[in-house]
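Encoded as C-alpha cells, the structure appears first; notes follow it.
Just so you know, all these numbers are worked out from the coordinates, no wet-lab data involved. Predicted model, so just to flag it, every value in this text is computed and none were measured. Cβ sites come from the backbone with ideal geometry, for glycine too, and all protein chains shown count toward neighbours.
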Amino acid sequence: MQEIILDVENVSKSFPGVKALDHVSFDLRKGEVHALVGENGAGKSTLMKILSGVHQPDEGVIRFKGREVHFHDSTQARDAGIGIIYQELNLIPHLSVAANIFIGREPLTRLFTLNEKKMNEDAVAILGRLNIRIDPTITLNRLPISKQQMVEIAKSLSFDSEVLIMDEPTSALTESEIDELFTVIHTLRDRGVGIIYISHRLEELKHIVDRISIFRDGRSVSTDTYSAITMDTIVNRMVGRTLEQKFPARHNVPTEEKILEVRGITRKGVLHDISFDLYRGEILGFAGLMGAGRSELARAIFGADPIDAGTVAMNGKNLTSLSPSESIRAGIAYLSENRKQEGLAVRMKVAENVSMANVAGVSSRMGVISRRRELQACQRYVDELAIRTPSLTQVVNNLSGGNQQKVVVAKWLFCNSKILIFDEPTRGIDVGTKFAIYELIERLAREGVGVIMISSELPEILGMTDRVLVLHEGSLEATLVTKNTTQEEILNFAAGLGGKAERPLNGQSRPVEESTQP
Amino acid sequence: MAVDRFLTFGAVVVLFAVFSITAKNFFTMRNVLSLLLQTSTTTLMGIGVTFTIITAGIDLSIGSVVAFTGTVAVIAAIAGVPIWISWIIGLVVGAFCGFLNGLMITGLKLPPFIATLGMTFVVRGVALTITNANAWPAPDAFGALGNNTLFRTGPKFPGIPYPVIVMAIVAVIFHFILRKMRVGRYTYAVGSNEEAARLSGIKVGRIKIINYIICSTLAGLVGVILASRMVTSQPNSASGYELNAIASAVIGGTSLMGGVGTVGGTVIGSFIIGIMTVGLTMQGTNYFMQQIVIGVVVILAVAFDQRRNK
C-alpha cells in the first residue's frame, strides 16, 4: 500500500449559522484517485478550500507529507505542493497557453523583458509530461474548454504538485474529452500524484477512482475501496435515506395533438435541415454528444439565435419573426443550461426574477407594476414548487443551485408556457433535488405541457422521456421511442455510427491533439 | 438598502450642519435657494445618466448635448418661434441625440463609451458651426424658465426658482418610472443580466434606446434651462458637465457594472457635491482646493460602497 501523503484529522469549520465541517477525518495516498462525493452543502467544498488554504480550520490537524501544516492562503498551499482545479477555470482568455502556465513567475531575459522562448519551451515540456500536445503560443480562448482545463492541470503540475484537487472537472466536457481527461488523470496517478476527485456524476467514477469518501451534512459518512461498494449504497449514504427510484413514476400520456412542428431548421455549419414534432403531454428528449447541436436547436426554436432556413409552427400557426419575445407570447419557454449567465438576473430579487418574462401579468395597462400582485404570484410558485428562500425579496444569488433552477421554472410557469424546453435541467444539482425537478417535469407533461429535455446523462433521457431525438454534428440521426431503445443504441447514433456499429467502451489513450476549434 | 440610503442622506445632513456652522451666511434662505438652483441642473443630468448606467452603459455626450440643445432653442426663439415651443424644440433635439446614441449602441454594437464619446465631438461641433462659436442673445421672454420663481413673497422669500420645481417633478416622475413601471424593471434586468433579459423576451435594444433618449432629453432640458438662465446661446458651455452627473450617480450608489442605482440616490449624490461646492466657496476655500475635495469624496464614496457590498 502506498504511503499517506495527506492526512486530515478531526477538522471542524463553522461559518455564521452553519457548521460546515464537523470533526471530519480523511486521508489521501500517493498515486491514488480518491473520490469525494456528497450532496450540495455536504462540506466537500469547505474541506477542499481548507486543504488549499482558502479557509483555515477551527480545530483539527492537517498533515502533509507527515508534517503538520497551517496554510494561510492558497499561494502557500500551492507552493507546498497542493494544487486545485476549480470547476470554473482560473485562466486568462486573451493570453497564450504558455503565458497562462507561467503567469506571475515569468522567466525574464537579462534585459528584464519576458523570455518568451524559455517560457514556450518549458510549457511544451510540462504539457509533454501529461502527454498533451498543445501549441504553447496559441491564445487560450481559441482552445476548447477541455484543452483549457488541461492547461490548468499543466499549470498546477508546474508547481510540482503532489496533491491535486479537482472539483467537478468533467462538468463542461464531452464524452470523448472526458476520456482524454481520464487519460491525463491516469498519467498523473502513475507519477505518484494523489488526486482528490469531486464529482456529481457518479457514473464516471468507475473509470478512475480507487477509493471513495462520502460526505453528508458536514460529516464524513464513510470511506471505502471503490470496488467494494455499490452505486446504490453510495447514493443511499449521500442522501441519508434509501432512494427507491431515481426517477418518478410516469403518468403523463402523450396526446395525438401536435403542439409544435419544426421543419427544416438550418443554421449554416451548426444545424442541418432538422424537422420534428412535439405532442401535447409528451416529454421529448434531445440526446447527443456535446457539440452535437442540441442546445443550438433549442435556441433556434426559441428564437434566441438566428437561423438560415426553416419554420417553427405552434398549434399549426407559423411563428414569423423567431425572436424570444414572439416565442414567449406563443407559449414557448427555454430554460438555459447556464442558469446564472442566461436564466437569472442573480442580483435581482426572487419575485423580480419570477415576473421577468411576464411583467405585463403583474402590471396595469399603463405599465405600472403592482408590487402586491407580483408578490402574490411569486408566493404561489414558491409554495407550489417548494422553493426554499428566506423571503420573496431575497436576492437570487443567495439561493442554492436547485432553488435557483426552481425560480427559473417559476418564471416560465408564470408565462403560461405551453412548451418548456429544459436544457440540462439537473446539471450541478444534487441527487435529492434532481428527483424534485424530475417530478416537476413529469407533472408539467401530465398537465398537458409539451416538454423538451436536453440531457447529457443518458439514464436521465431513458428514465424521463417518451421519445428521443439523437443528434450528431448538427444533424438529426434518429428519432427513437424511449421504451424500445437502449443506452447503447442512443450512443451509437450519437457517435454517428448509425444503429449497428459497436462503440469502444473506453477511449484509447492517444495523445491529445492540438485543436483550434472554439 | 434602506440603511444605505439613510447613511448617504445622513451625509447630506452632516455636511449641511458643518457648513452652517463654519460658513457665515450658509444657512440663510437666500443661500439655500441658490444652492437648490445650482444643484438642480446637475441633478437632472444625473438622473438621466443613472438610467444609462443602470443598463451597464454610460453617456459622455451630456455636456455637449446641453450646449447644443440650448443653442438650438435660442436660435428657434430668435427665429420667431413661440418661446415655449422653442423650449420643447430643445427637448426634442436632445431626445434625437439620445436616439442616435442608442442606435449606435444597439445597431452598430458600439460600446456606449465610444458611441457617446464620438457624439460629444459631433454635437459640440454642430453647435459651434451653426452659431459660428458666438453667444447669441435670446428674446427676453426666453429667460423666464431659468430666472423666474414661484411663491415669491418679497425680498425675504425670493420664491422657488422654476428649475428647482422642474427638478423635483422630474425626480418624482423618473423615480416612479424606474421603480414602478415595466420599462424601469426592464432597465434593471438589462443591466443585471442582458442575456437573461433577452431570453425572457425583453426587447433589449429598445430598452437601451429608451434609456439613452431619457438621458439626452434630460440633458436637453438642462440645455434649455441654462440657456434660459443666461438668456443667450452658449455653444462653448457645459463642457465636462457629464462628469458631475456621473459623479452624482456614483456617489448615490449607482454601479457602473449595471443593474444597481436609484433616482433618490442620485439626487442625494448631486446634493452632496452641490453642498460641498457652495459650502467650500463660502468658507473661502479656493476653486482648485474644491476640485481636490470633490475628487476625494467621489473616490471615498465608491470605496465605501465596494466595502459595504463585499
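Taking a sphere under 12 Å around the Cβ of A:G331 and counting the other residues whose Cβ falls inside, with K and R at +1 and D and E at -1, yields a net charge of +3. Note that segment A:342-356 has calculated 3J(HN,Hα) couplings of 10, x, 10, 9, 5, 8, 9, 7, 4, 4, 5, 6, 4, 8, 4 Hz, one per residue in order, obtained from phi through the Karplus relation 6.51 cos²θ - 1.76 cosθ + 1.60 (θ = phi - 60°); glycine and proline are x.
Treating r as the C-beta distance of A:A313 and A:N141 and R0 as 35 Å, the FRET efficiency rounds to 0.35. Derived scalar couplings between HN and Hα for segment B:145-150 equal 4, x, 10, 7, 9, 10 Hz in order, rounded to whole Hz, by the Karplus curve 6.51 cos²θ - 1.76 cosθ + 1.60 (θ = phi - 60°), x for Gly and Pro.
Residue separation of A:R201 and A:K65 scaled by 0.36 nm, minus their Cα-Cα distance, works out to 46.0 nm of gained length. Helical runs (DSSP H, four residues minimum) scored at -39500 (n - 2.57) apiece and divided by the length of chain A put the mean residue ellipticity at 222 nm at -8500 deg cm²/dmol. Distant-in-sequence amide contacts of A:G448, defined by a placed amide H-H separation under 5 Å and a gap of 5 or more residues or a different chain, comprise A:G281. Rounded to the nearest Hz, the phi-derived 3J(HN,Hα) couplings of segment B:45-54 under the Karplus curve 6.51 cos²θ - 1.76 cosθ + 1.60 (θ = phi - 60°) are 5, x, 4, x, 5, 4, 4, 5, 5, 4, where x marks glycine and proline. Looking at segment A:168-245, the GluC sites (Glu not before Pro) that sit in a DSSP loop and have at most 16 other Cβ atoms within 10 Å of their own Cβ are A:E244. For A:S222, the residues 5 or more places off, or on other chains, whose built amide H falls under 5 Å of its own are A:I214. For A:A287, the residues whose modelled amide H falls within less than 5 Å of its own, excluding neighbours fewer than 5 places apart on the same chain, are A:L469, A:V470, A:L471.
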